[in-house]
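**Student:** I have a structure here, written as structure tokens, and I will follow up with some questions on it.
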């Protein structure tokens, strides 16, 4: 093997993150793909509203995304154990290209539904990515690998994306944003295609995992239920935040874009705490991130100064951190042969909370725009207590047990 092949292409060596070729490539791919998502993510509910949808219909479209995510999650968890995870990753993300092109040509809110259905196929890549990262990353740096792929890469892109999206939408339209989004999605898909093929580990008959095995694992069951509750409360609070900012406070699109960028900065900051501050474990990171989102929903009720809102919205970045760190917790507490099904099960149950929330937030927002924010602000402290109890009574014992029987530890 030549020195060049051992170390990888020149561009890969230059952009390596000391996490190995595949983790680095996944991180960069997530960055590019998320740059496309960042162009419109902060304005998605506003765009649906502009197509003529009521607040309940906005909740319907966003909730439909969550329902479709649930529909593909369990089958994709089975597929992640049996088929090429590389194929599932790049093929799933490729589905987002035609999805956003449909948004680009839609004239009415109901015409967004086919794009939502097609774009939901991207969710089939989630268990494959989680399983791929858990295997490709060394056990001692697994939490860092998950946060690099799921948080640092996307959040870095989301610092830039909303700024560009706000600038473009002020000068063109919100609908125009889906054209450059399609271009970035195509580039990101190509980068996902470049990762190495990693065949699934052969399993003994006693290690053939089922969803029943996964749900019978205490860590998986409690983490999944907690994730579902957390996503319901936090998603209820943030779904109509852009609408509240424009409809109630009168903020313009450029300002809303800057607030989205501030949230991405917050995601990276919280992730750095998890990776570098010893006492901030992944589960404690979830608690901190949850408290941050609750603080935003509470603060927006009283703060309408655009400059102060930028500082407040740094805390909004806790949402993506709270969601993705559950994968890191499961990677540390679940036996290796259960990981594929466990990641899918957690995403499935968590996705139920994520899917239900917009259906609740829409009518609440219609009654009073403050109601979704109040629900999140009140629920976040309760969630923090539950998460800390989860770490003490479930995570620590499971980590000790998993370390004792893990083949990685034995090696």
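Residue-wise test of (1) within 21 Å of the chain's Cα centre (by Cα); (2) modelled with pLDDT under 90; (3) more than 24 Å from residue 352 (Cβ to Cβ).
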| residue | (1), (2), (3) |
| --- | --- |
| 10 | no, yes, yes |
| 36 | yes, no, yes |
| 43 | yes, no, yes |
| 61 | yes, no, no |
| 81 | no, yes, no |
| 84 | no, yes, yes |
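**Student:** Shifting gears a bit: Please report, ordered by residue number, the helices (runs of 4 or more DSSP H) entirely within segment 92-155 with at least 3 residues that are closer than 16 Å to residue 69 by Cα.
**Tutor:** The qualifying helices (runs of 4 or more DSSP H) are 113-119, 125-136.
**Student:** Still on this structure: Given the condition buried (at least 24 other Cβ atoms within 10 Å of the Cβ) and under 25 Å from residue 58 (Cβ atoms), answer yes or no: does some residue in segment 123-134 qualify?
**Tutor:** Taking every residue of segment 123-134 in turn, at least one turns out to be buried (at least 24 other Cβ atoms within 10 Å of the Cβ) and under 25 Å from residue 58 (Cβ atoms).
**Student:** Which residue pairs have Cβ atoms under 7 Å apart, sit 6 or more places apart or on different chains, and have a first residue in segment 358-385 that is in contact (Cβ under 8 Å) with a residue 12 or more places away in the chain and at positive phi and a second that is surrounded by 16 or more Cβ atoms within 10 Å (Cβ to Cβ) and not in a helix (DSSP H, G or I)?
**Tutor:** Once the first residue is in contact (Cβ under 8 Å) with a residue 12 or more places away in the chain and at positive phi and sits in segment 358-385, no partner that is surrounded by 16 or more Cβ atoms within 10 Å (Cβ to Cβ) and not in a helix (DSSP H, G or I) comes close enough.
**Student:** Return a yes/no flag: does segment 295-317 have any residue that is at pLDDT below 90 and closer than 16 Å to residue 233 by Cα.
**Tutor:** Yes; the residues of segment 295-317 include at least one that is at pLDDT below 90 and closer than 16 Å to residue 233 by Cα.
**Student:** Among the helices (runs of 4 or more DSSP H) confined wholly to segment 343-411, which include 1 or more residues that are surrounded by 24 or more Cβ atoms within 10 Å (Cβ to Cβ) and modelled with pLDDT of 90 or more?
**Tutor:** Correct list: 371-390.
**Student:** Of all the helices (runs of 4 or more DSSP H) wholly in segment 257-342, which have at least 3 residues that are crowded, with 24+ Cβ neighbours inside 10 Å?
**Tutor:** Once the helices (runs of 4 or more DSSP H) in segment 257-342 are filtered for at least 3 residues that are crowded, with 24+ Cβ neighbours inside 10 Å, what remains is 282-300, 318-333.
The values are calculated or read from the model by the stated rules, or taken from the named source; none is laboratory data. Because the structure is predicted, anything quoted here is derived from the model rather than measured. Ideal geometry is used to build each Cβ from the backbone, glycine not excepted, and the neighbour counts take in all protein chains shown.
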